[in-house]
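Step one of this worksheet: look at the structure below.
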Amino acid sequence: MVTIIAEAGINHTGDMNLAKEMVCTARSVGADVFKTQLYDVDKVFPNGLIMAQGRNWYNEVKKTQFSKEQVFALAECCRSHKIEFMASAFDLERLSWLEEIGVKRHKIASRMNLNREHLEAVISTGKEILLSCTLDYYSPLSLPMNTKFLYCIPQYPTPLTEVHLKDVDFQRYDGFSDHAVGIEAAMVAISRGARIIEKHFTLDRALPGPDQICSANPKELKELVKFARKVEEILDAGSVT
């Protein structure tokens, strides 16, 4: 089974109605998980600089900061549409929100994968961990057996020439967190053995935000899910019983 995580990230622009529409879309195209990001923007970016594509996106990103009540409402929306809710928490307070919600597993973003305090808090939940990291990642502490490693290049967008999927051993890495333009890199990762794909998606790439450029639209996300299911079918049909 290939798990497809539809990473809404901050592409909802802070609009709850848009975020809920994204939940519906992710479910309708067959994604397994709807994911977002939870943070205090000024704690993550204290200098007020969020640089990507040659400009500062601080004002746009600031608007995407959800309150606890909004996060709980979004999780409830996922429950009602029968799709798993997941989020990357960027501080302990927001991690506690996810525990109150009762998420199935936790995602650790590449920005947080060297933060000992955060790692320890996530590990203490005893839940499965998805951790984004580059090939040269070395954890500051011992990670439990239920940690799934997602190969990731934290560049938005990641040029295809810098993805280097040929260097990734998908016996050691469980999946791929894709920041490249299009869905081709994710497809290659699946064909090479990735069993978890986290792909940013959006309802409209014309919306504001630094992640829109590397996000799949609904049609592309549907194609990615279809490709993953076809790979599963082929591999299952080819197995020896």
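Determine whether P218 is at pLDDT 95 or above and touching a helix residue (DSSP H, G or I) at 6+ places or on another chain (Cβ under 6 Å). Answer is yes for this residue. Summed over region 91-119, residues that are under 30 Å from D136 (Cβ atoms) and either open to solvent by 30 Å² or more (accessible area, probe 1.4 Å) or of a type in the set (D, E) (or both) total 9. Within region 132-162, take every residue that is more than 23 Å from W57 (Cβ to Cβ) and among the β-branched types (V, I, T) and give me the one that is modelled with the lowest pLDDT. Of everything passing the filter in region 132-162, T161 is modelled with the lowest pLDDT.
On the basis of being among the charged types (D, E, K, R) and modelled with pLDDT under 95, does D167 make the cut?
Spelling it out, it is not the case that D167 is among the charged types (D, E, K, R) and modelled with pLDDT under 95.
Within region 31-72, being open to solvent by less than 70 Å² (accessible area, probe 1.4 Å), among the polar types (S, T, N, Q) and part of a loop (DSSP other than H, G, I, E, B) holds for T64, Q65, S67. In region 195-212 there is at least one residue matching the filter, namely being among the basic types (K, R), assigned to a loop (DSSP other than H, G, I, E, B) and in contact (Cβ under 8 Å) with a residue 60 or more places away in the chain.
Close contacts from region 47-72, counting a first residue that is more than 16 Å from N11 (Cα to Cα) and a second that is among the polar types (S, T, N, Q), with Cβ to Cβ under 6 Å and a gap of 6+ residues or different chains, come to L49/N56. For region 169-195, which positions are open to solvent by less than 20 Å² (accessible area, probe 1.4 Å) and β-branched (V, I, T)? Listed by number, the residues that qualify are I183, I190.
Residue count for region 1-17 under the criterion of being farther than 30 Å from E233 by Cα and either open to solvent by less than 30 Å² (accessible area, probe 1.4 Å) or touching a Phe, Trp or Tyr at 6+ places or on another chain (Cβ under 6 Å) (or both): the result is 4. When restricted to residues that are closer than 19 Å to Q37 by Cα, open to solvent by 10 Å² or more (accessible area, probe 1.4 Å) and out of contact with any Pro (no Cβ under 7 Å at 6 or more places or on another chain), region 212-225 contains 1. Evaluation of Y156 against the conditions (1) out of contact with any Cys (no Cβ under 8 Å at 6 or more places or on another chain); (2) touching a residue at least 60 places away in the same chain (Cβ under 8 Å); (3) open to solvent by 50 Å² or more (accessible area, probe 1.4 Å) shows that the sole unmet condition is (1).
If we scan region 217-227, do we find a residue that is more than 19 Å from L130 (Cα to Cα), among the aliphatic types (A, V, I, L, M) and free of Cβ contacts under 8 Å to residues at least 12 places away in the same chain? The answer is no; no qualifying residue exists.
The values are calculated or read from the model by the stated rules, or taken from the named source; none is laboratory data. Since we're looking at a predicted model, the values are computed, not measured. Using ideal geometry, Cβ is built from the backbone for each residue, glycine included, and neighbour counts are taken over all protein chains shown. Note: areas computed on protein heavy atoms with side chains; ligands, DNA, RNA excluded. Shrake-Rupley method; radii C 1.70, N 1.55, O 1.52, S 1.80 Å.
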